[in-house]
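Chemist: Just passing along the structure, written as C-alpha cells.
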Amino acid sequence: MKISLKWLCEHIDVQDFFCQPEELARLLTAAGLEVEEIEDKSTLFKNVVVGRVVTLEKHPNADRLTVCQVDAGEGQMRQIVCGAKNHKAGDKVVVTLPGAILPGHFEIKKSKIRDVESLGMLASESELGLKKESEGIFILPADAPVGKPFAEFAGLDDVVFNINVSPNRADCLSHLGLARELKCLLNRPLRVGDIQMTTSPEVNTKKTLTVQVQDPKLCPRYAGRVIAGVKVGPSPAWLKTRLESVGVNSVNNVVDITSFIMLDLGQPLHAFDLATLHGGQVNIAVAAHGEVFTTLAGTELKLNGDELTIRDAKGAVCIAGVIGGANSGVSDQTHNLFIESAQFAMDSVRKTARRHGLQTDSAYRFSRGTDVSGVMRALDQACARIQQVAGGTVASDHWDYFPNPALPRAIAVTAEYVAQRLGYPVSEAQLIDWLQRLDCQVEESAAGLRVTPPGFRVDLEQNVDLVEEYGRLNGYDHIPETLPVLSYAPLPVDKAFMFESRLSELARDAGLAQCVNFGFTNSREQASLLGPVENFRSCGLEMDPQAIAIQNPLSADFDVMRVSLLPGLVKNLLHNYRHGNGHGRLFELGHVFRKGPEGYLQDPRLGFVVWGVGQDLWHKQNGDQQIFFALKGQIQFILKQLGVQQVQFNPWLTNAPALLHPSQTSTVFAEGRNIGFFATLHPKWCADQKVRVPVAVAELDVKSLGRGQPRTVKFKSVSKFPAVERDLAFVMPRTMASAEVESEIRKTSGALLQSLEVFDLFAGPGLPEGHVSIAYRMIFQDIEGTLNEERLTALHSQIVSNVEKKLAIKVR
C-alpha cells in the first residue's frame with residue numbers, strides 16, 4: 001500500500017515529517033504497520049528549478065541552436081545553449097543546473113556546445129520523465145516563481161511510503177485510515193476535508209432505475225446515485241498528480257475519481273454508464289451456472305453460479321466487489337452515470353477473486369473488510385468530486401439498501417486482564433486513553449470497562465484484540481524479557497521426522513540438490529502428464545484416479561492436490577532448462593494426497609529428476625544410458641546407506657506410463673515388495689517440450705523405505721586371510737535380467753562371496769542370435785582360513801552347475 005505524505009496532510013497535520021520521514025516510518029513500523037520503502041520524490045528533481053528566459057540570441061556557429069540568458073533566481077544570468085524552437089524571451093521554463101541527474105541517469109554538466117559555454121539545460125517534459133514524448137521545452141505558466149525548486153512548484157516534492165498492511169488492518173488501506181492511526185499515535189486531531197455537492201430534483205435516482213438485493217448476507221448494504229450530463233475527459237492536473245504519486249495511472253476524470261475516493265477513504269466504488277443498464281434495473285444476485293462474463297480488461301470468464309454479480313435486465317454487468325464488465329464501463333461517449341457504493345461479504349469476494357485469478361484493488365479491500373458506515377460518505381464525496389471535474393447534475397435522491405444495520409458490539413475488558421496477558425502492570429487510565437484515541441467508546445463500571453469499537457475497526461471482536469491494541473500502541477518494548485520455566489522434560493523426537501531428515505541428508509550426499517514444490521497443482525496438467533495413475537500401483541505407489549479437488553483454490557493453476565511428485569519435478573526441469581541450465585540433479589521429499597476409507601491421507605514420497613550429461617567424450621557417447629544408470633547408482637547409494645537388503649531392479653514390463661521410455665524403465669524391489677521406480681522420459685515427450693538432453697526421473701515410497709528404521713549397523717571383523725578373485729562369463733538371452741544370474745551366484749556362494757560385479761558385456765560374432773555374454777567378477781574370502789585351490793574349484797563348479805541348471809544358460 002503506497003501512501004503519499006502530501007495527501008495524508010489533507011487529513012492530519014504531519015508537515016513536520018517531510019524533513020524526517022524516517023521518524024514517521026519508525027513510528028508506524030513500531031505500531032505494527034511495517035514501512036518497507038521510503039521514496040522522496042523531490043530528490044528526483046534535485047538542482048532543477050523554475051527559470052525565465054531573459055534574452056535569446058542565435059548561436060554564432062550553429063543555425064539550429066540558440067544562446068539564452070536565463071534567470072534561475074541566483075542573482076546573475078546563466079548562459080544556456082538550447083536546440084528547441086518553441087520558446088521566446090520572457091517565457092518561464094524548467095532549468096536543470098549542473099549536477100542534476102535526469103531519468104536514464106543523464107547527468108547535467110557544464111559544457112561547450114560549438115565553442116559556446118552552456119551552464120545547464122532547458123528541459124522538456126519527456127526529459128523530466130513526465131511524459132513519454134514531448135515537443136520542445138516545457139513552458140511553465142507566467143506566474144511561476146523564478147528560482148523555486150521545480151519539484152515544489154509542480155507538487156512533485158512528495159514523500160511516498162510503501163507500507164505492508166497486515167490482513168487484519170483493512171482500516172489502514174486508505175489515506176484516511178492511516179490518518180486515523182496517526183491521530184491515535186500522535187494524539188493530533190483529524191482534518192475534515194469533505195466538499196459539498198449540489199443536487200437537483202430534476203434528476204431522480206429512484207425513478208430512473210430500481211435496485212433489488214437477492215441476499216442481504218452477501219450484500220449487507222448497497223447505495224447508488226445518478227448523475228446526469230457529465231462530460232468524460234482527461235483528469236485535471238491535481239487529480240493526475242494525486243493518483244500518480246501512489247502508482248495509479250490516470251484513465252479519465254470519472255474513473256479517476258472512483259480510484260481517488262477508494263485511496264482516500266478506503267471505500268471501493270464503481271461507475272456505470274447509465275445508458276448500458278438495460279431495463280432500468282440493478283439487481284444484486286448470484287450468477288447463473290455457466291454464464292460467460294467479459295471483464296473491462298476484455299477477459300472472458302465462465303462463472304460457476306457462486307459469484308455475486310450486479311445485473312441488469314439482460315445479465316451481469318459487474319462481478320460484485322471484484323471487477324466491472326466491458327458492457328457497462330464509462331467511455332468518452334458516456335453522459336449519464338450510476339455511481340455504486342456498497343459493502344459485499346468478505347468471503348464471497350475473496351473466493352470469487354481467487355477462483356478467477358482477479359487480484360484487483362477493489363477485491364483486495366472488500367476481502368479484508370470495509371466500513372459499512374462509510375458507504376454513504378464515500379458515495380456523496382464521489383458525486384461531489386465528479387461534479388467538480390466532469391460537471392453534471394447530481395440526483396437529489398439515492399438508493400440505500402441497508403435492511404440490517406449492525407448493532408454496536410461491546411467488549412468487556414479489565415486492566416488486570418490486559419496486564420496478565422502482557423506480563424507487565426497496566427494503568428486503567430492509560431488503557432482508557434489509548435482506547436479513546438482509537439475512537440472506541442469506553443464505559444467504566446465496577447466490573448471493568450465496556451468498550452465499543454468504531455465501525456471501521458472490523459478486526460476488534462474480543463478482549464484479546466484490545467490487549468493486542470494496547471500492547472502495540474504502548475510499545476512492544478515494554479514487554480519484559482523473561483525465560484520460560486522448563487518444568488517438563490523435552491518430548492522425544494519424532495521418528496518419521498528424523499528418518500526424513502536422514503533421507504534428505506543422504507540425497508544431498510549423493511550429489512542432488514533439494515527442491516520444494518506446492519502440494520497442489522493443475523488438474524489438467526497432472527492428468528495429461530501421468531496418464532492413468534493405476535499404472536503406478538504395480539510399482540508400489542498408491543495413487544487415486546481422482547485427485548482431491550480444492551474447494552477454494554488460489555488460482556485455476558492450483559485446483560487439486562498432487563498425487564505424485566513428478567508434475568512438480570518436471571516443472572522444475574523445464575524452468576531450469578529453459579533458463580539455460582542444461583545440467584541438473586534435483587530431489588524432493590514431500591507428500592502426495594489421496595482419499596482413504598476414513599478420510600484424507602498424505603503419503604511421504606522421495607522423488608528425483610536428473611537431466612543433462614557431462615561434456616567429456618564418454619558422457620557424450622553414452623549420454624542416454626549414462627543418466628539412467630547414474631540415477632540408479634544414486635538410488636543404490638541411498639538404499640545401501642539405509643541398510644535396505646535384497647534390492648533388485650526389475651524391468652517394468654506391463655502398464656508403464658506413456659510418459660516414460662518403454663525400454664529404460666525399472667521398478668525398485670526391496671525386501672519382498674516394490675517400493676517405486678526409476679526411468680528416463682520418453683523421447684517424444686522431450687521433443688514436444690524442446691528438451692534436447694536426456695532426462696531421468698524416479699519416485700520412491702518413503703513409508704516402505706522407513707520399515708525397521710533406524711537400523712542397527714552391524715560390524716564384523718576384517719579377515720586376516722587373503723581374498724581370491726575369480727571371473728565367470730555366461731551366454732544368455734538378451735532379454736534375461738543379469739540380476740537373476742547374480743541372485744543364483746549369491747545363493748550358491750553364501751558367506752564366502754564378498755563382492756560381485758559385472759565387468760564386461762559382449763554381443764557379436766560367435767554368439768547365438770539374440771544372445772549376449774555377460775562376465776562377472778567374484779571376490780571370495782574366508783574369515784577363518786585361507787581358501788585353497790581345491791575348495792575354490794569345487795565352489796566354482798557348483799556355481800556353474802546351479803546357474804546352468806536353474807536358468808538354462810551356458811558358461812562361455
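Chemist: Find all pairs meeting these conditions: Cβ atoms under 6 angstrom apart; at least six residues apart or on different chains; first residue within the range 640-662 and on the phi > 0 side of the Ramachandran plot and free of Cβ contacts under 8 Å to residues at least 40 places away in the same chain; second residue of a type outside the set (K, R) and open to solvent by less than 70 Å² (accessible area, probe 1.4 Å).
Modeler: Q646/E671
Chemist: Look through the range 706-722, keep the residues that are of a type outside the set (G, A, S) and within 23 Å of F608 (Cβ to Cβ), and return whichever of them is least open to solvent (accessible area, probe 1.4 Å).
Modeler: Q709
Chemist: So, R225, is that one part of a helix (DSSP H, G or I), touching a helix residue (DSSP H, G or I) at 6+ places or on another chain (Cβ under 8 Å), among the basic types (K, R) and touching a residue at least 24 places away in the same chain (Cβ under 8 Å) or not?
Modeler: It is false that R225 is part of a helix (DSSP H, G or I), touching a helix residue (DSSP H, G or I) at 6+ places or on another chain (Cβ under 8 Å), among the basic types (K, R) and touching a residue at least 24 places away in the same chain (Cβ under 8 Å).
Chemist: Step by step: first the residues of the range 781-803, then only those that are touching a residue at least 60 places away in the same chain (Cβ under 8 Å) and either in contact with a Cys (Cβ under 7 Å, 6 or more places away or on another chain) or within 26 Å of V731 (Cβ to Cβ) (or both), then the one that is most open to solvent (accessible area, probe 1.4 Å). Which residue is that?
Modeler: H796
Chemist: Based on what the data block shows, is Q69 over 53 Å from the mean Cα position of the chain (by Cα), surrounded by 15 or more Cβ atoms within 10 Å (Cβ to Cβ) and of a type outside the set (K, R)?
Modeler: yes
Chemist: Let me confirm something: among P60, P98, which residue is farther than 24 Å from K240 by Cα, touching a Lys or Arg at 6+ places or on another chain (Cβ under 6 Å) and open to solvent by 20 Å² or more (accessible area, probe 1.4 Å)?
Modeler: Criteria check complete, one pass: P98.
Chemist: Then there is this: Could you give me the residue pairs with C-beta distances under 7 Å whose first residue belongs to the range 263-276 and is over 11 Å from A378 (Cβ atoms) and free of Cβ contacts under 8 Å to residues at least 60 places away in the same chain, whose second residue is open to solvent by 30 Å² or more (accessible area, probe 1.4 Å) and of a type outside the set (S, T, Y) wherever it lies, and which are 6+ apart or on separate chains?
Modeler: T276/N327
Chemist: Take the residues of the range 671-705 that are touching a residue at least 40 places away in the same chain (Cβ under 8 Å) and of a type in the set (K, R): which is surrounded by the fewest Cβ atoms within 10 Å (Cβ to Cβ)?
Modeler: Ranking the candidates gives R673 first.
Chemist: Looking only at residues that are under 14 Å from L660 (Cα atoms) and not in a helix (DSSP H, G or I) in the range 524-540, which one is most open to solvent (accessible area, probe 1.4 Å)?
Modeler: Among residues in the range 524-540 that are under 14 Å from L660 (Cα atoms) and not in a helix (DSSP H, G or I), the one most open to solvent (accessible area, probe 1.4 Å) is P532.
Chemist: Restricting the range 469-483 to residues that are open to solvent by 100 Å² or more (accessible area, probe 1.4 Å) and part of a loop (DSSP other than H, G, I, E, B), which is farthest from Q430 (Cα to Cα)?
Modeler: L483
Chemist: Looking at the range 334-348, which of its residues are in contact (Cβ under 8 Å) with a residue 40 or more places away in the chain and either open to solvent by 10 Å² or more (accessible area, probe 1.4 Å) or under 24 Å from L265 (Cα atoms) (or both)?
Modeler: H335, N336, L337, F338, I339, E340, S341, A342, Q343, F344, A345, S348, listed by residue number.
Chemist: OK, next. So, V232, is that one farther than 30 Å from H105 by Cα, in a loop (DSSP other than H, G, I, E, B) and without any contact (Cβ under 8 Å) to a residue 24 or more places away in the chain or not? Please lay out each step first, then the result.
Modeler: On the way: farther than 30 Å from H105 by Cα: yes; in a loop (DSSP other than H, G, I, E, B): yes; without any contact (Cβ under 8 Å) to a residue 24 or more places away in the chain: no.
Spelling it out, it is not the case that V232 is farther than 30 Å from H105 by Cα, in a loop (DSSP other than H, G, I, E, B) and without any contact (Cβ under 8 Å) to a residue 24 or more places away in the chain.
Chemist: Within the range 355-459, considering only helices (runs of 4 or more DSSP H) that don't extend past its boundaries, which have at least 1 residues that are under 30 Å from S235 (Cβ atoms) and open to solvent by less than 70 Å² (accessible area, probe 1.4 Å)?
Modeler: Those helices (runs of 4 or more DSSP H) span 361-366, 375-390.
Chemist: All but one of (1) open to solvent by 40 Å² or more (accessible area, probe 1.4 Å); (2) within 30 Å of H796 (Cα to Cα); (3) part of a loop (DSSP other than H, G, I, E, B); (4) modelled with pLDDT under 90 hold for N650; which doesn't?
Modeler: Every condition holds for N650 apart from (3).
The values are calculated or read from the model by the stated rules, or taken from the named source; none is laboratory data. In this text the structure is predicted, and so the values were computed from the model without any measurement. Heads up, the Cβs are rebuilt from the backbone with ideal geometry, glycines too, and the neighbour counts pull from every protein chain shown. Ligands, DNA and RNA are excluded from the accessible area calculation, which covers all protein heavy atoms including side chains. Shrake-Rupley method; radii C 1.70, N 1.55, O 1.52, S 1.80 Å.
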